[in-house]
Amino acid sequence: MALFAWSSQAGGFFSGRYNKNEPDKPGTNDIARVWFNEANFQRLERAQELARRRGFTATQVALAYVLCESSKTFALVGPESIEELQQSIAALPLILSASERRWLNLES
């Protein structure tokens with residue numbers, strides 16, 4: 001059965017525009033309610049680290065994580081600009097190993 005991953009880029013959580021110390025900042029409430037927890041901030045830090053090592057952005061790493069799942073997974077993205085669409089497309093060549101995916105998911 002195919003899976004359509006809604007919010008495959010976590011609503012911008014991996015973009016770096018949100019600060020865990022500002023959960024009540026205007027425009028942050030919905031993201032904070034869903035994504036602000038210690039485990040997700042650890043995932044963000046790991047995505048940023050892996051992005052630096054591999055030459056991508058943390059948002060691209062998040063998208064690659066979904067696209068590299070072994071099941072039939074389709075990542076739904078919602079770019080707000082041509083630039084965001086181009087950034088998403090640029091994530092396509094990023095292939096994450098099983099160990100990288102486990103590490104990103106705090107399994108190792």
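General remarks:
- For the stretch 39-50, putting each phi into the Karplus relation 6.51 cos²θ - 1.76 cosθ + 1.60 with θ = phi - 60° gives couplings of 4, 5, 5, 5, 4, 4, 4, 5, 4, 5, 5, 5 Hz, in residue order, rounded to whole numbers and with x for Gly and Pro.
- 5 angstrom amide H check on T73, placed H, neighbours 5+ away: L3
- Unit charges on C-beta of K, R, D, E only; dipole of the stretch 39-108, Debye: 280
- Taking every DSSP helix (H) stretch of at least 4 residues in the chain, weighting each as -39,500 (n - 2.57) and dividing the sum by the residue count yields a mean residue ellipticity at 222 nm of -13000 deg cm²/dmol.
- Taking a Cβ cut-off of under 12 Å around L96, the surrounding Lys, Arg, Asp and Glu residues balance to a net charge of +3, with basic ones at +1 and acidic ones at -1.
- The Cα atoms of the stretch 37-96 cover 30, 28, 24 Å along the three principal axes, with the biggest extent listed first.
- 3J(HN,Hα) from dihedral phi, the stretch 70-80, Karplus parametrisation 6.51/-1.76/1.60, rounded to Hz, x for glycine, proline: 6, 7, 6, 10, 10, 8, 8, 10, x, x, 9
- Against the main long axis of the alpha-carbon atoms of the chain, helix 58-67 sits at an angle near 50°.
- Each principal axis of the chain carries a Cα extent, and these read 36, 34, 31 Å when sorted largest first.
- The relative contact order of the chain comes to 36 percent, based on Cα pairs under 8 Å that sit 6 or more residues apart.
Laboratory data are not the source of any read-out in this text; all were calculated from the coordinates shown. Note that the structure is predicted; figures quoted are calculated from it, not measured. Please note: Cβ atoms are built from the backbone with ideal geometry, for glycine as well, and neighbour counts cover all protein chains shown.
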